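Below is one structure, written out as structure tokens; the observations come after it.
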Amino acid sequence: MNDATALATATAADDVLAYLSIAEAGRLIATKKLSPVELVDAHLERIARLNDRFLGYITVIADEARAQARTAEAEIMGGRQRGPLHGIPYGLKDNYYTKGVRTTAASRLLWNWVPDIDATLHSRLQAAGAILLGKHNTWEYGTGLGEPQTDLPVPPARNAWNADYFAGGSSSGTGVSVAAGLAMLGLGSDTGGSVRVPAAVHGLFGLKPTYGLLSRAGILPNSFSLDAPGPITRSVHDTAVALEAMAGADVNDPTSVERPVPRYSADLDGGVNGFRIGVIRRFHTRDVSGDAEVVEAIEAAIEVLRGLGAEIVEIDVPYSTQDYRLVTRVIGNSESLAIHEQDFRERGAEMGKVLREKFMGSLAISALDYVKATRWRREMTLATDAAVAQCDAVVCAGPCFKVPLADEPEATSAYMIGSGTCVFNVSGHPAASICTGFDTNGLPMSVQIAGKYWDEAMVLRVAAAYERATGWRERRPRLA
Amino acid sequence: MDEPRTITRDEIAALVRRLGIENADDALLARALELNSALMGQLARLPKNVGKDVEPAHVFSVPLR
């Protein structure tokens, strides 16, 4: 066998393992047909081969991951199975605290910082037996509006479908890693779309849950009142399983809420027949004139749901995406500056240009502006909830444009700023991004599915019905 | 919508001094003025009169307990 043949054979073999769903891998592990050691090795080999190109990881903990995989294997062989995530490899955006593993937030300010505690969600995945592979690339401190951040200690992550194109953000490394088969599950954080947009540009499923469903303890904050952690996966079912392991109150996060955690994976096959699904079109028609291909894909998705028996109704909100975005800017930038004030004052020169200018450009926001924005947010939240509450679920645009080239800053900023994702950070509703097909450049397109407060189960059920009907998730990027 | 507020270089310099930013040179002040002048236009989009919200939890306007 020559080198090329050997490489192709190895690639095909680890492709099979790396692109298993969590459910498939879990079943194989539980029946002892697949070892967590094999699964982790396959991922680490892919990371070694592909990460220099796609820059999904800032830090890889190969030795620790292999040791943990051996422990998982021994537990499973000994009959001590922890559940569907036992032996499943995952990655974390590099703003999640990881005890003993550096947490950089892609910033010079934290480049060698090693936390002495774990983020709660990381602890919960560990308790479920999942295996951490490493820490994912991000925009500095999870902040930005799409401008290329090329002056950080690590270059920006690159799109797995075409490395010349925008990888989204700020959980960009999480998106590319899951899309490229470098992790089966990734956790990001979302202040205005930072889970859903990287999912959108990679053809993945990304969920921003209801504010308070997932603990934010041990995640470097961007904005106290807008941040939500969320999973990125290749399928709806994978997210449901991850959510079951992570949801629930946490004494270390006073904004987390004590509620029973549903079995999100139990109702995914129920379909949408008879469900009332509201469609908000203003985000991609009036507020932004979306690209024709993206709009057609959104309309096609609506027709798929109608064809599955859903009642489609037009609904509206009295605010534009620009209104929601302004509120997130005033509130988010104020809270962010409050978090980083000392570093900005004393170490601003070490920050990347985007983060530094975010703070410089927020100096004139007054206390009155902040309070006014919170009051306006209250009005927006009530109006948004009134619209969402009319339906079982809501469909609307996330990004309204085709994925732009990474080196076109005006286009990448427009892609982020024109997105309808920030609407649900303002209101706190659960919202997910799901693939609606591929544009003429071969890059994924997407739509948002949102739901009532705490009704992630419905969001997932509607998304699962659409996913089964379309099969977009079966497509894989050509990485060679 | 309010008339856009304006901001001057002196006001920016005062904000920078108040925050205690080190090494605030002319270039930093010029860029901060440029960025905050753009911000002033956006802040004018905040409604002049937001409805009186007397709920004690209005700042955290998302469901809590």
| request: Calculate the spin-label point distance for A:Arg49 paired with A:Arg82, positioning each point 7 Å from the Cα along the beta-carbon direction, and give it in nanometres. | output: 2.8 nm
| How far apart, in nm, are two points set 7 Å out from the Cα along the Cα-to-Cβ line at A:Asp15 and at A:Arg476? | 0.5 nm
| said: Sort B:Met40, A:Met246, A:Met184 by Cβ crowding within 10 Å, fewest neighbours at the top. | reply: B:Met40, A:Met246, A:Met184
| field | the stretch A:149-474: translational diffusion in µm²/s, Stokes-Einstein, Kirkwood Rh over Cα pairs, 25 °C, 0.890 mPa s | value | 125 µm²/s
| note | Summing +1 per Lys or Arg and -1 per Asp or Glu among the other residues with Cβ less than 12 Å from A:Asp392's Cβ gives +1
| query | Cα centroid distance between the stretch A:154-225 and the stretch A:22-37, in Å? | reply | 26 Å
| Where does the charge balance sit around A:Thr59 when Lys and Arg score +1, Asp and Glu -1, over other residues with C-beta under 9 Å from its C-beta? | +1
| message | Report the Cα-based extents of the stretch A:265-355 along its three principal axes, largest first, to the nearest Å. | response | 59, 37, 25
| field | Quotient of Cα Rg and 2.2 N^0.38 Å for the stretch A:343-480, N being how many residues it contains | value | 1.32
| request: May I ask you to compute the full-extension gain from A:Asp151 to A:Phe224, defined as 0.36 nm times their residue separation minus their alpha-carbon distance, rounded to one decimal in nm? | output: 23.7 nm
| request: For every other residue with a beta carbon closer than 13 angstrom to the beta carbon of A:Ala457, add +1 if it is Lys or Arg and -1 if Asp or Glu, then tell me the sum. | output: -2
| field | Estimated FRET transfer efficiency (A:Asn441, B:Ala14; beta-carbon r; R0 35 Å; 0.05) | value | 0.10
| Taking +1 at the Cβ of each Lys and Arg and -1 at the Cβ of each Asp and Glu, which of A:Ala106, A:Gly78, A:Gly26 sits farthest along the dipole of chain A towards its positive end, judged by Cα position relative to the Cα centre? | A:Gly78
| request: Evaluate peptide B:20-30: per residue, the Cβ atoms of other protein chains within 10 Å of its Cβ; return the mean as an integer. | output: 3
| request: Let me know the mean shielding of A:322-329 by other chains, meaning the per-residue number of their Cβ atoms within 10 Å of its Cβ. | output: 2
| Averaged over all directions, how much area does the convex hull of the C-alpha atoms of the protein assembly as shown cover when projected, in nm²? | 24.7 nm²
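Every number in this text was worked out from the coordinates using simple rules, so none of it is lab data. Predicted model, so just to flag it, every value in this text is computed and none were measured. Cβ: placed from backbone, ideal geometry, glycine included. Neighbour counts: every protein chain shown.
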